[in-house]
Amino acid sequence: MAELRRPSQTLAAAASFFNGERLTMARQLAGLKKSHLASLIEMSPASVTAWESGAKQPNRATVAKLALALRVEPQFFGGGAPPRVNKPHFRSLRSTPQIAQDEAEAYGRFVAEVAGMLENAVEFPEALLPDLPVDPDARSMTPEDAAREAREFFGIAPGPVQHVIRLVERCGVVVVFSEPGVAAIDAYSLHSATRPIIVLNPVKDDYYRQRFDVAHELGHLIMHHDAEPGGKVAEDQANRFASEFLMPAEEIAPFLPASTAGKAWAQLAELKEYWGVSLAALLYRARALGVMGDVSYRNAMIRMSQNGWRRAEPGRISSLEMPSMLPRAKEVLGEAGIDDAAFLLGSGLPVELYEIAASRAPVAARSAAAL
């Protein structure tokens with residue numbers, strides 16, 4: 001549980017110099033190219049490049065224009081260098097435009113910075129994950145081996161993982177929903193200098209698939225410190241890790257149907273609720289373990305499509321698992337009389353983005369429901 005450590009009324013005053021790295025971060029958070037930002041403030045792209053590289057510094061009036069265009073406070077640019085993060089693990093680099101990759105990485109830096117600020121006031125769990133590297137050929141350790149060792153490391157009893165987000169947060173992983181601007185990107189993960197971060201898609205309103213997403217990203221964090229993000233091999237390994245982590249082969253194989261004839265769909269529905277995974281994941285698992293043949297699997301997926309279950313599966317659980325590390329820290333500060341504006345005072349960080357990062361529920365889903 002988060003506990004107040006040392007409340008501060010204000011943050012450090014903004015430095016007098018202009019940090020070009022923070023301009024890059026703000027521009028990428030806004031999803032803008034240099035040329036677009038330059039047109040918004042009626043300056044040249046070369047000027048933006050010079051400011052970001054540190055070759056030149058903008059005057060006070062230009063800083064005000066930059067802050068207005070990028071929706072940050074002017075003092076944002078006077079802070080220290082943004083937190084260092086590794087390249088995020090995206091599901092597919094080819095299908096993710098560079099501008100979206102940059103925005104997602106900048107959001108990871110933002111989350112890392114906010115988490116660091118919160119940790120100065122509220123006690124967080126120690127960041128502690130097993131290091132179980134799996135090489136591209138998986139010769140020394142397979143993803144399934146890593147998943148079994150991870151379950152043992154976390155002390156997971158036989159059976160389903162009860163709450164995947166709570167499990168990873170207890171090990172110091174920051175879990176947040178992404179900002180709506182990068183909602184087209186699926187879940188992704190990255191390592192910061194202090195804590196691993198998992199970013200979930202805010203419009204993927206599916207309890208069962210979200211749990212698999214978290215396990216998939218946990219696999220990346222545990223297995224792929226040095227792997228090239230977005231590679232097919234690494235993504236396949238993360239899927240195999242998640243399957244074994246959530247549905248251990250020895251435990252689930254005896255209960256998986258060999259086909260979808262008879263009462264198989266009812267059997268699959270029961271397994272879905274028990275293990276907390278999607279029908280699609282169960283069918284894929286049945287085929288991967290050799291319980292279900294290719295023909296039966298194809299027929300099952302055709303039936304899934306005919307029923308509209310490829311888009312929205314039936315299921316009894318309607319609410320998502322919610323992050324609690326950052327939201328609870330925000331609540332503790334509020335209970336101590338420190339509201340969001342007071343907490344961020346001096347940092348220049350946008351309050352709206354902070355509220356998204358420290359939210360228990362996906363903002364996009366909430367907004368849509370309110371319409």
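The residues of segment 127-186 that are under 25 Å from ILE252 (Cβ atoms) and of a type in the set (S, T, N, Q), listed by number, are THR142, GLN162.
Has segment 54-62 got at least one residue that is in a helix (DSSP H, G or I) and either among the hydrophobic types (A, V, I, L, M, F, W, C) or within 21 Å of GLY116 (Cβ to Cβ) (or both)? Yes - at least one qualifying residue is present in segment 54-62. Within segment 210-233, the set of residues being part of a helix (DSSP H, G or I), surrounded by fewer than 19 Cβ atoms within 10 Å (Cβ to Cβ) and in contact (Cβ under 8 Å) with a residue 24 or more places away in the chain comprises just one member, VAL233.
Can you tell me which residues in segment 143-172 are surrounded by 18 or more Cβ atoms within 10 Å (Cβ to Cβ), in contact with a Gly (Cβ under 9 Å, 6 or more places away or on another chain) and closer than 24 Å to LEU320 by Cβ? Within segment 143-172, ALA147, ALA150, PRO160, VAL161, VAL164 meet the criteria.
Please verify whether GLU103 is touching a residue at least 60 places away in the same chain (Cβ under 8 Å), of a type outside the set (Lys, Arg) and buried (at least 21 other Cβ atoms within 10 Å of the Cβ), treating the condition exactly as stated.
Values: touching a residue at least 60 places away in the same chain (Cβ under 8 Å): yes; of a type outside the set (Lys, Arg): yes; buried (at least 21 other Cβ atoms within 10 Å of the Cβ): yes.
It is true that GLU103 is touching a residue at least 60 places away in the same chain (Cβ under 8 Å), of a type outside the set (Lys, Arg) and buried (at least 21 other Cβ atoms within 10 Å of the Cβ).
ALA112 passes every criterion in (1) within 18 Å of VAL174 (Cα to Cα); (2) touching a Phe, Trp or Tyr at 6+ places or on another chain (Cβ under 9 Å); (3) modelled with pLDDT of 95 or more apart from (2). When GLY337, GLY346 are checked against the criterion of being more than 24 Å from ARG360 (Cβ to Cβ) and in the same structural domain as LYS204 (by TED's automatic domain parsing), a single residue qualifies: GLY346.
Restricting segment 254-277 to residues that are among the hydrophobic types (A, V, I, L, M, F, W, C) and exposed (fewer than 15 other Cβ atoms within 10 Å of the Cβ) leaves a set whose member that is nearest to the chain's Cα centre (by Cα) is ALA266. Scanning segment 94-132 for residues that are closer than 19 Å to ALA341 by Cα, hydrophobic (A, V, I, L, M, F, W, C) and part of a helix (DSSP H, G or I) gives PHE110, VAL111, ALA112, VAL114, ALA115, MET117, LEU118.
Tell me, yes or no, whether segment 275-289 has at least one residue that is in a helix (DSSP H, G or I), closer than 30 Å to GLU119 by Cα, out of contact with any strand residue (DSSP E or B) (no Cβ under 9 Å at 6 or more places or on another chain) and not assigned by TED's automatic domain parsing to the domain that holds PHE76. Scanning segment 275-289 turns up no residue that is in a helix (DSSP H, G or I), closer than 30 Å to GLU119 by Cα, out of contact with any strand residue (DSSP E or B) (no Cβ under 9 Å at 6 or more places or on another chain) and not assigned by TED's automatic domain parsing to the domain that holds PHE76.
Considering every residue within segment 250-270, establish whether at least one is within 29 Å of PRO88 (Cβ to Cβ) and either assigned to a helix (DSSP H, G or I) or modelled with pLDDT under 95 (or both). Within segment 250-270, not a single residue is within 29 Å of PRO88 (Cβ to Cβ) and either assigned to a helix (DSSP H, G or I) or modelled with pLDDT under 95 (or both).
The values are calculated or read from the model by the stated rules, or taken from the named source; none is laboratory data. This is a predicted model, so every value here is computed, not measured. Positions of Cβ are backbone-derived with ideal geometry, glycine not excepted, and every protein chain shown enters the neighbour counts.
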